[in-house]
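S.K.: One structure is given below, represented as structure tokens, and several questions about it will come after.
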Amino acid sequence: QSGHEQAARIPRYVRVNTLKCSTEEAITAFTSRGFSLESSLDTGKGLAIDEHIPNLLSFAPQTTFHDDPYYTTGKVILQDKASCFPAVVLAPPANDDSFVIDATAAPGNKTSHLSALMQNKGKLYAFERDKKRFLTLTAMISKAGCKNVEPINLDFLSVNPLDTKYAKVSHILLDPSCSGSGIVNRLDHLLGAEAENDIDQEKRLHKLATFQLMMIKHAMQFPGVQKIVYSTCSIHATENEHVVRDSLNSDEAKRGRFLLAPEGEVLPKWRRRGIPDEMDSPTAAASLIRCSPGEDATNGFFVSCFMRTSQKRGLSP
Ligand code: SAM
């Protein structure tokens, strides 16, 4: 099955932006336009409520929303199901004393999701190092009605974890640049590239993995941080399980007492977990999430969750 064929079978996911609209209101609006909770998505008129992610709706793959008033006014956000997992797993608290970092924020889908989960309370620092993408991020935040977000055009690695400004940060989301190999309509290119040039591909993945590990180790140095979610839209263990394993074995993890959150705290209802052979124990693999392009009605995706804990609660690599 080609990447385009797989993409054609992924439902169109629509996340209701609860900062501007309730799920009930969105369903009523879509129903008045001819969509129905009773119809199957295959008919093109179906609308379904997602079973894993709150406030996520799905429609037939070819449904378009670009001119829909709910989309143009930021009441709903077009976001693949798998890419909604990280914010839900991070589960930032919704109170005035909640301090959160989105370390790699643009274009801002996960930033606006985090802001919604925080109910616009507390403070969400959203870093983006690329100037142009930073502008996209600020536009997205404003369209989505996020009032608790402070966008910052900086390289996260240049931020001093000991800066008193970030002393109360307890949750960090890390969704750094990756190979993007899980995005299904890019799979064709990937397969071509792999067939042509395995060595360059390996080198590129290792370079990305080195950067991703550096980002996690940096996040672990924020003194107040309790929970770090690391995610990618890659299908390669080099950027996923291996980066997590190396992070757990790092001095930063040992000093900070970071372990993997147990399976029961990481979307336990989601069946596809990390690859056991790529981790040091099956239990550790079970606390990781994978989405397989084509098989899970999503793009390929990976999510892990580190937490600062006593040795008894979390999992070793
Ligand atoms: N989380 C975003 C979302 O859901 O919309 C997507 C993030 S994208 C995969 C990664 C982003 O991180 C890119 O915009 C990239 O420019 C930015 N980035 C990469 N390295 C960074 C760094 N060291 N500091 C800040 N931003 C970085």
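The values are calculated or read from the model by the stated rules, or taken from the named source; none is laboratory data. A quick note: this is a predicted structure, and the numbers were derived from the prediction, not measured. All Cβ positions, even for glycine, are placed from backbone atoms using ideal geometry, and neighbour counts span all protein chains on display.
S.K.: Restricting to the range 229-246, what's the tally of residues that are more than 16 Å from the ligand (Cβ to nearest atom) and polar (S, T, N, Q)?
M.R.: Taking the range 229-246 and keeping what is more than 16 Å from the ligand (Cβ to nearest atom), we get 237-238, 241-242, 244-246.
Next, only the ones that are polar (S, T, N, Q) stay: 238.
Count: 1.
S.K.: Which condition from (1) assigned to a loop (DSSP other than H, G, I, E, B); (2) in contact (Cβ under 8 Å) with a residue 40 or more places away in the chain; (3) out of contact with any Lys or Arg (no Cβ under 8 Å at 6 or more places or on another chain) is the one that residue 74 breaks?
M.R.: For residue 74, the failing item is (3).
S.K.: Which of the residues belonging to the range 279-313 are over 19 Å from residue 80 (Cα atoms) and surrounded by fewer than 17 Cβ atoms within 10 Å (Cβ to Cβ)?
M.R.: 280, 281, 282, 283, 310, 311, 312, 313
S.K.: Before we move on, is residue 20 among the basic types (Lys, Arg), under 26 Å from residue 89 (Cβ atoms), modelled with pLDDT of 90 or more and not assigned by TED's automatic domain parsing to the domain that holds residue 290?
M.R.: Working: among the basic types (Lys, Arg): yes; under 26 Å from residue 89 (Cβ atoms): yes; modelled with pLDDT of 90 or more: yes; not assigned by TED's automatic domain parsing to the domain that holds residue 290: yes.
Considered against the rule, which asks whether it is among the basic types (Lys, Arg), under 26 Å from residue 89 (Cβ atoms), modelled with pLDDT of 90 or more and not assigned by TED's automatic domain parsing to the domain that holds residue 290, residue 20 comes out as yes.
S.K.: Being crowded, with 22+ Cβ neighbours inside 10 Å and within 16 Å of the ligand (Cβ to nearest atom) is the filter here; which residues of the range 216-228 pass it?
M.R.: If the condition is that a residue be crowded, with 22+ Cβ neighbours inside 10 Å and within 16 Å of the ligand (Cβ to nearest atom), then 216, 219, 220, 222, 228 are the ones that fit.
S.K.: If you don't mind, another one. Does residue 59 satisfy the condition of being within 16 Å of the ligand (Cβ to nearest atom) and of a type in the set (Phe, Trp, Tyr)?
M.R.: Details: within 16 Å of the ligand (Cβ to nearest atom): no; of a type in the set (Phe, Trp, Tyr): yes.
For residue 59, the condition - within 16 Å of the ligand (Cβ to nearest atom) and of a type in the set (Phe, Trp, Tyr) - is not met.
S.K.: Sort out which residues of the range 4-25 are hydroxyl-bearing (Ser, Thr, Tyr) and either exposed (fewer than 13 other Cβ atoms within 10 Å of the Cβ) or not in a strand (DSSP E or B) (or both), and write them in order of number.
M.R.: Within the range 4-25, the subset hydroxyl-bearing (Ser, Thr, Tyr) is 13, 18, 22-23.
Once the filter is applied, which keeps residues that are hydroxyl-bearing (Ser, Thr, Tyr) and either exposed (fewer than 13 other Cβ atoms within 10 Å of the Cβ) or not in a strand (DSSP E or B) (or both), the range 4-25 yields 18, 22, 23.
S.K.: Residues of the range 123-134 being near the ligand (Cβ under 10 Å from one of its atoms) and out of contact with any helix residue (DSSP H, G or I) (no Cβ under 8 Å at 6 or more places or on another chain), which ones? Working first, answer last.
M.R.: The first filter runs over the range 123-134 and keeps only residues near the ligand (Cβ under 10 Å from one of its atoms), leaving 126-134.
130, 131, 132, 133, 134, listed by residue number.
S.K.: Also, I was wondering about something else. Considering each of 160, 120 in turn, give the residue that is more than 16 Å from the ligand (Cβ to nearest atom), part of a loop (DSSP other than H, G, I, E, B) and out of contact with any Phe, Trp or Tyr (no Cβ under 6 Å at 6 or more places or on another chain). Explain how you work it out, then say what you get.
M.R.: Values: 160 fails: more than 16 Å from the ligand (Cβ to nearest atom).
Checking each option against the conditions leaves just 120.
S.K.: Name the residues in the range 135-157 that are farther than 21 Å from residue 72 by Cβ, without any contact (Cβ under 8 Å) to a residue 40 or more places away in the chain and within 11 Å of the ligand (Cβ to nearest atom), would you? If you could, list the steps in order and put the result at the bottom.
M.R.: So the first thing to find is which residues in the range 135-157 are farther than 21 Å from residue 72 by Cβ, and the list is 148, 150-157.
Pick out the ones that are also without any contact (Cβ under 8 Å) to a residue 40 or more places away in the chain and you get 148, 150, 152-155.
Across the range 135-157, the qualifying residues are 152, 153, 154, 155.
S.K.: When you scan the range 207-217, do you find a residue that is within 25 Å of residue 291 (Cβ to Cβ), outside any strand (DSSP E or B) and either basic (Lys, Arg) or at pLDDT below 95 (or both), even just one?
M.R.: yes
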